[in-house]
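The values are calculated or read from the model by the stated rules, or taken from the named source; none is laboratory data. Note that the structure is predicted; figures quoted are calculated from it, not measured. No Cβ is skipped: glycine too gets one built from the backbone with ideal geometry, and neighbour counts run over all protein chains shown.
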Amino acid sequence: MSESVEIIFRTLTSFILLWVFVHLLGKQTIAQRTYHLYIASITMGTIAGNLAFNIKIKFLYFIIAIITMGTVVYMLNLLSIRHPRFGKWIAGEPATFIQKGQILEESMERMGYSLDSLKQALRGKDIFNIEEVECAMLETNGSLSVLKKEQYQNAAKQDLPLLSSAATVPIELVYDGKILYENLSKHTYDYESLIAELKKRNLAVFDISYAVVGTKGNLYIDSIKDQSRE
């Protein structure tokens, strides 16, 4: 076949082999989360690139090389999953840079990570004050995971007090000496319980100009009519 046709055939073959390689090893290959996957991605890409256009080397040699590399990476994946002790050596393990708010300088030096690099990575997490950090770890894929101190953490929805729909706003029960019956149905107060509560305070409905139930269910009487003006 002509060189042009051979290059087209080689390019299609390299693409198919890389596509199979990624599918067999999973999406973590794309993310290059571990040392061996990072090396494998570079190596496989180089082999596939040469397969596409380097017609001086036999086609079969590239096929053997790419299958061999794929098999090696696949076996390393299985070994790291089934034997965690070897997995740390194969895939690497996270390095702790900040623990309990203290910077671990020895760990940073061992990983070749400077304080400026750490601050830059923290700014990428919207953290501009290193004092806010409780724990920071460098993951095997090179990303920095950060846990803020409790006082600097954003409040989650479950941390907020839950209010029932009937108690999210105050409910007016009496206005200008008149009971608002339509609002009684919106709260635990009914006519009898409202009258009983007023009697405890030696009050009658016509004495009240404004009464409201707060969000916690307490009855508040804001003002009492001045009966001397009636």
Discussion item. If I ask for residues that are modelled with pLDDT of 75 or more, in a loop (DSSP other than H, G, I, E, B) and under 15 Å from Y220 (Cβ atoms), which ones from the stretch 149-207 would you list?
Written reply: L180, R201, L203
Practice prompt. Restricting attention to the stretch 120-148, report how many residues are in a strand (DSSP E or B) and acidic (D, E).
Written response: 1
